[in-house]
Amino acid sequence: MTGNPDDIEAARQRAIAGFVRDRYGPRGTLRLHRAVLGLDLLRAPVNVALSPVFLLTRLGAWVCGKVGLHAAGGWLARRRVFLPSDLARLLHDDLTAFLRAMQAEGLAPDIPDADLRRAVSVYTETRNAVAEITTSMIVLIVGVAMFGATTPGVISLAGPVAELRAQRQAIDDFVLGSGLGRLWNGMFPVEPSAAQVAVTGVALAIAASVVTAFAGLLADPLQLWTGVHRRRLMRLLARLDRKAEAPGLEREHLLARSGDLADAALTLWRSLRG
C-alpha cells in the first residue's frame, strides 16, 4: 500500500462503513438470513453442540503457543470445527470479495490467499459467537419474564419449563376437573421427573439452536448502530497490515462459553440447595 496513511485510513473507514451498512442493516441482514431457510436449520443444533469443542481447540492452541509447541498450536488453530453453513459461506464469500476489492484499490495489504481466507474464517466464527450470546440474552429475558428466575442458558431454563408443563398436565388430568385440580396443585405442587427435565432440555436446546441461526436479524443491526461491526473489521485490517495471526480466541467466544459455564454452575447450585 502506498500513499498518505491518513488518507488510506479515511478511505478504509468510508469503505467499511458502506460495507457494514449494506450487509448488516435491517434490510441487508434480512437478505443474508434467507440462506438459513434450508439445511442450515439442521446444521444449527450440531454447530451449537460443537461450540465447546471449538473452545477446547482454541484454548489448546493458545497453551501450545505459550509452552513453545508452535507446530501443534498452529495445527489446532487451523481446525475448522463447525459444519459450514450456507449463511457462513455467503458471509465468507462476501467479505473475501470486499477485502480483495480493497486490495485492488490499495486499501488493504496484499497477502497470500490462504492467509486471507483464514482471517475471514476467524471473522465469521466470531460472528457466530455473537449469535450465541444473543440467544443467551433472549433465554435470560424469557426466564426472568416468565419465571422470575435467572436463566443464562437452556440448562437452567429446562427445570422451570418442565415444572410448568408437569403442573399443567396434572391440572388437566385431575379427576375432579381442572378447577379443583388447580386448587389441589396449588397446595401440593407436582415436581417434574428427571426424564421430563431432560426431554425439556433437549427440546429447548434444539429451539435455541434455531433461534441462534436467526439471531443475527437482531444482533447485526445492533452491532451496526453501536459501531461494533465497523471496529471488528478495522481490527481485522490492522492485523493483516501487521501480518499477525488472529488471537487464539476472540473475546466473543469466551463470552459465549462463559454463559454456558454460568448456566451449568447455576443449575448445579440450585440442585445442591434442593
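Just checking, does the stretch 200-207 include any residue being surrounded by 16 or more Cβ atoms within 10 Å (Cβ to Cβ), hydrophobic (A, V, I, L, M, F, W, C), closer than 19 Å to H33 by Cα and under 30 Å from the mean Cα position of the chain (by Cα)?
For the stretch 200-207, residues surrounded by 16 or more Cβ atoms within 10 Å (Cβ to Cβ), hydrophobic (A, V, I, L, M, F, W, C), closer than 19 Å to H33 by Cα and under 30 Å from the mean Cα position of the chain (by Cα): absent.
Based on what the data block shows, is A219 within 30 Å of A11 (Cβ to Cβ) and modelled with pLDDT under 80?
Details: within 30 Å of A11 (Cβ to Cβ): yes; modelled with pLDDT under 80: no.
Answer is no for this residue.
Tell me whether the stretch 143-157 contains one or more residues that are in a helix (DSSP H, G or I) and closer than 18 Å to P189 by Cα.
Yes; the residues of the stretch 143-157 include at least one that is in a helix (DSSP H, G or I) and closer than 18 Å to P189 by Cα.
Name the residues in the stretch 163-175 that are exposed (fewer than 14 other Cβ atoms within 10 Å of the Cβ) and either aromatic (F, W, Y) or not in a helix (DSSP H, G or I) (or both), would you?
The answer is V175, and nothing else.
Which residue pairs have Cβ atoms closer than 7 Å, lie 6 or more positions apart in sequence or on different chains, and pair a first residue in the stretch 104-127 that is surrounded by fewer than 19 Cβ atoms within 10 Å (Cβ to Cβ) with a second residue that is assigned to a loop (DSSP other than H, G, I, E, B) and among the polar types (S, T, N, Q)?
Going by the 7 Å Cβ cut-off, the qualifying pairs are G106/T2.
Taking the conditions exactly as written (under 17 Å from V48 (Cβ atoms), among the polar types (S, T, N, Q) and in a helix (DSSP H, G or I)), does T96 satisfy them or not? Working first, answer last.
Values: under 17 Å from V48 (Cβ atoms): no; among the polar types (S, T, N, Q): yes; in a helix (DSSP H, G or I): yes.
So T96 fails the test.
Answer with yes or no whether F19 is in a helix (DSSP H, G or I), modelled with pLDDT under 90, among the aromatic types (F, W, Y) and surrounded by 14 or more Cβ atoms within 10 Å (Cβ to Cβ). Give the steps one after another, and end with the answer.
On the way: in a helix (DSSP H, G or I): yes; modelled with pLDDT under 90: no; among the aromatic types (F, W, Y): yes; surrounded by 14 or more Cβ atoms within 10 Å (Cβ to Cβ): yes.
Criteria not met by F19.
Go over the candidates A244, A265, A256 one by one and state the one that is loosely packed, with under 14 Cβ neighbours inside 10 Å, aliphatic (A, V, I, L, M) and modelled with pLDDT of 70 or more.
After applying the criteria, what remains is A265.
Looking at R235, R230, R242, R165, which one is of a type in the set (K, R), out of contact with any Asp or Glu (no Cβ under 8 Å at 6 or more places or on another chain), touching a residue at least 12 places away in the same chain (Cβ under 8 Å) and over 23 Å from M146 (Cβ atoms)?
Just one listed residue meets the conditions, R230.
Tell me which residues, restricted to the stretch 133-156, are within 19 Å of A44 (Cβ to Cβ) and at pLDDT below 85.
G153, V154, I155
Being without any contact (Cβ under 8 Å) to a residue 24 or more places away in the chain and under 13 Å from the mean Cα position of the chain (by Cα) is true for just one of M146, M137. Which residue is that?
Exactly one residue qualifies, and that residue is M137.
Determine, yes or no, whether R239 is closer than 22 Å to R127 by Cα, modelled with pLDDT under 90, surrounded by fewer than 19 Cβ atoms within 10 Å (Cβ to Cβ) and not hydrophobic (A, V, I, L, M, F, W, C).
yes
From the list L83, L87, L59, L91, pick out the single residue that is at pLDDT below 85, in a helix (DSSP H, G or I) and of a type outside the set (S, T, Y). Even if it seems obvious, please write down each step before you answer.
Values: L83 fails: in a helix (DSSP H, G or I); L87 fails: at pLDDT below 85; L91 fails: at pLDDT below 85.
When all the criteria are applied, what remains is L59.
Which residue is surrounded by the most Cβ atoms within 10 Å (Cβ to Cβ), if the candidates are limited to the stretch 89-103 and must be closer than 21 Å to R43 by Cα and among the aliphatic types (A, V, I, L, M)?
Going through the qualifying residues, I end up with L91.
T134 passes all but one of (1) polar (S, T, N, Q); (2) in a helix (DSSP H, G or I); (3) closer than 30 Å to L224 by Cβ; (4) in contact with a Pro (Cβ under 8 Å, 6 or more places away or on another chain); which number fails?
With (1) polar (S, T, N, Q); (2) in a helix (DSSP H, G or I); (3) closer than 30 Å to L224 by Cβ; (4) in contact with a Pro (Cβ under 8 Å, 6 or more places away or on another chain) applied to T134, the lone miss is (4).
Can you tell me which of P221, P160 is in contact with a Pro (Cβ under 8 Å, 6 or more places away or on another chain) and either surrounded by 18 or more Cβ atoms within 10 Å (Cβ to Cβ) or more than 30 Å from L32 (Cβ to Cβ) (or both)?
Result of the check over P221, P160: P221.
The values are calculated or read from the model by the stated rules, or taken from the named source; none is laboratory data. The model shown is predicted, which means the values in this text are computed figures rather than measured ones. Because the Cβ atoms are built from the backbone with ideal geometry, glycine has one as well, and the counts that use them run over all protein chains shown.
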